Structures are given as C-alpha cells and as structure tokens.
Amino acid sequence: MARSAASERGGPRERDASERDNSEHDASEHDASERDGSRRADPAESPPAALEIDGVSKRFGDGDESVLAVDDVTLTVDRGSVVGLLGPNGAGKTTLIKCALGIVLPDAGSVRVFGTDVGDGRRAAYADVDAMLEGARNDYWRLTVRENLRYFATISGVDPDSVASRHDRLLDRLDLADKADTPVRDLSRGMKQKVSLASVLAGGAELVFLDEPTLGLDVESARTLRAELRRLAAEEGLTIVVSSHDMTTIEAVCDRVVMMANGRIVADDTVEALLGGADRDVVRVASPDLDDAVVAGLRERFEVVGFDPDARPPAVEVVAGGDRLYDLTDALREAGVTPAAVRTLQPDLEDVFLDRTGTAPGGESR
Amino acid sequence: MSAAERGERDGERRRDGDHPAEDEPRPATYYHLARAVLYREYLIFVRYPANAIGGIVVSLFFFAALFFGGRLLAGQALTDSIEGIVVGYFLWTLSVGAYSSVSNDIGSEVQWGTLERHITTPFGFAPVALLKGVAKVVRTFLTSAVILAVMLLVTGTRLSLAPVTVVAVAGLAITSVLGLGFAAGGVTVLYKRIGNWLNLLQFGFVALISAPVFDLPWTRVLPLAHGSAMLQRAMVDGVRLWEFPLADLALLVAVAVGYLFGGYLVFHYATRRARRLGVLGDY
C-alpha cells in the first residue's frame, strides 16, 4: 500500500515540527551555495527536503526545431517553504513542474520527493504530493464540491471519512461551505479555481505545486486566492511551489523566488534579498528648478539614472539610498532647487528580473 | 521523533482542539478506491440521465429502421432470422457502449487534466481505469437491457434470457472490446485528432459480431466473434453456461483477458510515450 510508504517516512502529523524548523532555515540561510541550488539535505542529520531536483533537462522535438525547455536545472525545496517559480511564458516553469511530478519524463537528471527517488518508486514518492496545473479543470465539474474533495482524497490514498472534518475546515476557509453541495460546473471561475485548490489539499498533500493559480481570475478573485494561499501555507505548514509570470502573486505568497529564463535558473533567493540586491534605491525628485546644468552637477556626485526635462515639472532620478539621501537634499539646496515632489522608487521583482535577463517576466522567453 | 513524543504532541493537539482525534487520516484501501470510482460513475449516471436516454433512443431508432426497413425489403427472410438479429444488435449496443464510453472517457480525463492527477497518486491510473471499465460495462448492460426489452416487444420475438448465462457470456465478449477502448484511448492521448476517427471502429464491430466462426475458425480469436457465436447459442438455443464445452468457455475467457491486457498495455505505453514527448494533457 503506497500510503504505508508515506507513513514510513513519517506521515503528515509526524512531519509538522521538522517542517517548521526547516522553513525557518529556509528564509534566512541562503548562502552562495544555496543560491546556485547545490544544497543537499544530509539524511543523517535532518529529514530529506520536500523536493530535490538534480540536473534535470528536457528537450522537446528533434533536430533544428527542437526546444530545450529545461536545461540542467538543480533545485532544492525545503519542507514548509513557499517557493515561487517566476519567468516569462516558455521559460520552462511548467515543464519543470511536470518533470517533478513525473507527468513529463526528463531526458536527464533525477527528482526526489521527500527523499524518495521518483524513478525508483514513483507512486510511493507521490503519496503526499498533488498539483493544480495551468489551464486544466483539475477536478470533475459534474460532481459537487464535497464529492470532488472526497474523490481526490481517496485517490491520494486517504479514506475520505477520516478527513471529513478537515474537508469542512477547508471549505470554510476557502469560503466554499455554502457551495459544498453544488456541482462545480455551476460555480464562478474564481470559485472553480478555489475548488481546484481545495481538491488538491483534500488528501492532505504536503507538497503542492500550483501552476499559474491566478491565471484568468479577476483582480478580486486573484487577491482572495493569494490571501488564502498565504494563510494555508502558514497554518498547515505546507510546502508550496507556485509558478507564475505574475509578480504580484509571487511577491505576495512566496518567501523564496526562483527566476527562470530559457530553461535555466537565473536567480534563486529570498524575495527580500532579491529586492535588496536590485540596486534600485532610487529617489525621484521633481522641480521646476531642474535643468541640464543642475543635473550635470548632480552627476558629478551621484549616480543619476534618469532625467526627464520635458516632464511638468522636470524630474530627475538619482540613486540615493540610506544616508546618501541627506547628501542629495544638501546638493539640491546648494543648487537652488526647491523640490515640488520627492518620491522613492521601490524596486520590484520585475526590475530584478529585467536586470538578470533583459526580459520582462510577462513576456515571451523565446 | 519517537512514538512517545509523537503521541504526546498529538495529545496536546487534541487538547488544543486544533486537530480533533477523528481527523486523523486513515489510509485508503482498494476498497475505498473502488467505492469512490464506482460511486462517481453512479452519480454521473443518475445525475445526467440524458446521455443514457439519448443513447437508448438512438439505438432503438436504428433498430426500428433496420427491422421495419428490412421487413419491407426482405419480408419473410428477415422474420426467420429475427432472433439472431436481435441478439446481434443487443451485443452490438453493449460493445459500442463499452468501447466508446472507455475511449471517450480517457479523452475527457486527459482534457480535464484529471488523468495527470491520477498518475501522480499512490494508486496510479491503472486500477481507476479498470474500475471505470467495470462501471461502464454495468451501465451499458442496464441501457442495453432496456433496448433488448423494447426489441423483443416490437418484434414479438422470444429468447432465452437466463441472466447468469447472458451476463457472463455477453460480459466476457465485450471485455475484449473494453481492451480495444483502452487502446483507442491511449492512441487518443498521443494523437488527439485520431480519437474521433477511432469512433468509426464501432461500426466494424458489426463484422466481428457476424464473423463466420464455423467456416473460418481462426476468426474466433478476434474480439467479439467467438463470444457472439456463444451468445447466439445461449439466447436463441437456450444453452446454459455450464452446458458449453469447457474449451469454448476457456477460449471466451482467454480472448477477453488477452484483449483487455493487450489494450491496457497499449494505453500504458501510449501514456508513457506521451509523458516522454510532454504531450500528456497538452490539448
């Protein structure tokens, strides 16, 4: 019985404490070796990571028209962490997730889920894993919400009667309790998406892949789903891998971001570290007193990243983080510039992505 | 963590009320899996009866055209062979029901992304597919029984309807078709557009059902052919299951198991190839 394999590794209850320990490590201990994905959990010291992808490559097609969708990717996801896969369409995010799930067989490399090699015993490896894949229904629309939860709990290896109260909590939490006995086909798109998420969590999966979970949702539904994801991750101690080209989702939900472009990982760090390293502590000052001569003077002392003389009033963008802001105000006073508006320009993941790849995450990778 | 530590922590949780004792997940067995799959099929059958009723109406319409049209053209000749035609048509509706429901179902599961989810579960898709097959056969028997009853009333024909014999022989006969359904489903997973063309295969079942098994004994190893001949003897001549020669029964079982297994292998190979090519669920 496959479920017994999960129990041998330590079932859902047994793993809670170690997961939380690990999740705390995850956000704070990203050294250089971790960032390049070479971390390896030592089984003698700590339980294995939720997901270990080692040198996975996947090429589709043959000859000149072939596409290298995933190119020698190595990635470790610790238990209890929420990792975002960010990248443009065609960057290889979905293929990487499908490789991790065994839905796509990689050409090279290995995948370990909770320490079990997928190639050795796939079914045992996936006892505690489920996924919500992009563009698919993922559940049965002709069944009711609760029937879906019971069905998918069963095929995940859990007797649905034993988790009935968990299903009630899940429905409550996702605001679906009133619709529990409604066929999924009669629900709105946002609710269908939430049912899909609920059915993924119904069997007590501990490693959950969510591929573009907010795709096609309206602003309000997407916001609700993001909030639910954050809450579920915190309360249930889930390990979540979220793939998206939407930075708002990644930034709001994830504590670590893996950026992909052209099948490769181009950055892997915490959201804070990535934003901090974006080198974009930029202050935008607008004033009618700004002209070429003033800006030339500023350039001698500061890094000026932009000047718009045609703006009303003209505006200059200067790198002036921390104490340098005082220097900037002094310099402006000396030049006789009275600011009409001062604004800090917050870097976001899009800037970071642009810095690293030269491509916007919402665009096409190839 | 030791068992004692785990117990202590679970105890704390129960006291906290965060995770009540009754919420402890228990592993699902194949019994639970069978219950879940069959219950789902049952729900869809009773909740959306239009599909079943539509199938019955279309089948009866074709039979009426065949019967009344044939009587106009062939007169007494058709009336003399009407028993054989009713039995053959009954088996054909069973075969079409089993074949198309399995192959279409696989196509739908791929399209919905639910086949992928089954692949990443402890049970895999194999037992689910087989249980679905059983459910489809049961469902098809129910609808075909209605068709048979109406055919008997319309034509005034009398047939031997020993339930055990009819269900066993017809059931084993269409098990081979179930295998073809799995194979067709597998091919559809790989080559999406071919799926619709494979539906035409069901008209080939007419040839298999009326295969000349006495003149060409080798045709007995084809799907349906041997089973059809046995069903004719059972329903027209009143031969009971235990009155058939053991060799006939053995061949019936062998053909059923052989095609089912072969069909499943094709399905398994096709989904594996689809995973290699990255086209599983890629609609």
*asked:* What's the total number of residues in region A:264-280 that are touching a helix residue (DSSP H, G or I) at 6+ places or on another chain (Cβ under 8 Å) and either surrounded by 15 or more Cβ atoms within 10 Å (Cβ to Cβ) or within 15 Å of residue A:332 (Cβ to Cβ) (or both)?
replied: 10
*Exactly one condition in (1) outside any helix (DSSP H, G or I); (2) in contact (Cβ under 8 Å) with a residue 24 or more places away in the chain; (3) in contact with a Leu (Cβ under 8 Å, 6 or more places away or on another chain) is not met by residue B:270; state its number.*
(1)
*So which residues in region B:174-204 are under 14 Å from the mean Cα position of the chain (by Cα) and over 23 Å from residue B:125 (Cα atoms)?*
B:202
_Quick check on region A:295-309. Is at least one of its residues crowded, with 21+ Cβ neighbours inside 10 Å, modelled with pLDDT of 85 or more and farther than 30 Å from residue A:129 by Cα?_
yes
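Matching residues to (1) surrounded by 12 or more Cβ atoms within 10 Å (Cβ to Cβ); (2) touching a Lys or Arg at 6+ places or on another chain (Cβ under 9 Å):
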position: B:45; (1), (2): yes, yes
position: B:50; (1), (2): no, no
position: B:59; (1), (2): yes, no
position: B:63; (1), (2): yes, no
position: B:72; (1), (2): no, no
position: B:86; (1), (2): yes, no
position: B:91; (1), (2): yes, no
position: B:103; (1), (2): yes, no
*Does residue B:164 satisfy being over 17 Å from residue B:262 (Cα atoms), surrounded by fewer than 21 Cβ atoms within 10 Å (Cβ to Cβ) and at pLDDT 90 or above?*
yes
*Taking residue B:219 as meeting all but one of (1) among the polar types (S, T, N, Q); (2) without any contact (Cβ under 8 Å) to a residue 40 or more places away in the chain; (3) within 23 Å of residue B:115 (Cα to Cα), write down the number of the exception.*
(3)
*asked:* Against the condition surrounded by fewer than 20 Cβ atoms within 10 Å (Cβ to Cβ), under 26 Å from residue A:49 (Cβ atoms) and not β-branched (Val, Ile, Thr), how does residue A:230 come out, does it pass?
replied: yes
_List the residue pairs whose Cβ atoms are under 7 Å apart, where the first residue sits in region A:160-172 and is over 14 Å from residue A:200 (Cβ atoms) and within 8 Å of another protein chain (Cβ to nearest Cβ), the second is part of a helix (DSSP H, G or I) and not hydrophobic (A, V, I, L, M, F, W, C), and the two are 6 or more positions apart or on different chains._
A:160/A:150; A:160/A:154; A:165/B:22; A:165/B:23
*Within region B:23-43, restricting attention to residues that are aromatic (Phe, Trp, Tyr) and within 15 Å of residue B:123 (Cα to Cα), which residue is surrounded by the most Cβ atoms within 10 Å (Cβ to Cβ)?*
B:30
*Starting from region A:307-336, keep only residues that are touching a residue at least 24 places away in the same chain (Cβ under 8 Å), then list their pairs with residues that are of a type in the set (Lys, Arg) whose Cβ atoms are within a distance under 7 Å, requiring at least 6 positions of separation or different chains.*
A:315/A:284; A:317/A:284; A:331/A:301
*For residue A:191, which of the numbered conditions (1) surrounded by 16 or more Cβ atoms within 10 Å (Cβ to Cβ); (2) touching a residue at least 40 places away in the same chain (Cβ under 8 Å) fails to hold?*
(2)
*Could you tell me which of the residues A:133, A:210, A:143 is more than 11 Å from chain B (Cβ to nearest Cβ) and touching a helix residue (DSSP H, G or I) at 6+ places or on another chain (Cβ under 9 Å)?*
A:210
*Run residue A:272 past the list (1) modelled with pLDDT of 90 or more; (2) assigned by TED's automatic domain parsing to the domain that holds residue A:74; (3) of a type outside the set (Gly, Ala, Ser) and report the number of the one that doesn't hold.*
(1)
_Which residue is nearest to residue A:86 (Cα to Cα), if the candidates are limited to region A:248-302 and must be of a type in the set (Gly, Ala, Ser) and part of a helix (DSSP H, G or I)?_
A:252
*May I ask you to list the residues in region A:316-355 that are outside any helix (DSSP H, G or I), among the hydrophobic types (A, V, I, L, M, F, W, C) and touching a Gly at 6+ places or on another chain (Cβ under 8 Å)?*
A:316, A:335
_residue A:105 vs. criteria surrounded by 17 or more Cβ atoms within 10 Å (Cβ to Cβ), within 14 Å of chain B (Cβ to nearest Cβ) and either assigned to a helix (DSSP H, G or I) or touching a helix residue (DSSP H, G or I) at 6+ places or on another chain (Cβ under 6 Å) (or both)_ = yes
_Give me the residue from region B:144-157 that is touching a helix residue (DSSP H, G or I) at 6+ places or on another chain (Cβ under 6 Å) and surrounded by fewer than 20 Cβ atoms within 10 Å (Cβ to Cβ) and, out of that set, nearest to the other protein chains (Cβ to nearest Cβ)._
B:146
*Which ones in region B:115-138 are surrounded by fewer than 24 Cβ atoms within 10 Å (Cβ to Cβ), part of a helix (DSSP H, G or I) and facing chain A (nearest Cβ under 9 Å)?*
B:118, B:119, B:128
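Yes or no, residue by residue, for (1) within 11 Å of chain A (Cβ to nearest Cβ); (2) modelled with pLDDT of 85 or more; (3) touching a Gly at 6+ places or on another chain (Cβ under 9 Å):
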position: B:5; (1), (2), (3): yes, no, no
position: B:11; (1), (2), (3): no, no, no
position: B:25; (1), (2), (3): yes, no, yes
position: B:28; (1), (2), (3): yes, yes, yes
position: B:35; (1), (2), (3): yes, yes, no
position: B:39; (1), (2), (3): yes, yes, no
position: B:52; (1), (2), (3): no, no, no
position: B:77; (1), (2), (3): no, no, yes
*Could we say that residue A:69 is within 21 Å of residue B:122 (Cα to Cα), in the same structural domain as residue A:212 (by TED's automatic domain parsing) and buried (at least 24 other Cβ atoms within 10 Å of the Cβ) here?*
no
*Can you confirm whether region B:185-193 contains a residue that is on the phi > 0 side of the Ramachandran plot and of a type outside the set (Phe, Trp, Tyr)?*
no
_Positions within region B:95-114 being of a type in the set (A, V, I, L, M, F, W, C) and either within 27 Å of residue A:134 (Cβ to Cβ) or at the interface with chain A (Cβ under 9 Å from one of its Cβ atoms) (or both), in sequence order_ = B:106, B:110, B:112
*If we keep just the residues of region A:138-147 that are buried (at least 24 other Cβ atoms within 10 Å of the Cβ) and of a type outside the set (Asp, Glu), which is nearest to residue A:177 (Cα to Cα)?*
A:145
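The values are calculated or read from the model by the stated rules, or taken from the named source; none is laboratory data. Just so it is clear, the model here is predicted, and its values are computed rather than measured. Cβ atoms come from the backbone with ideal geometry, glycine included; neighbour counts cover every protein chain shown.
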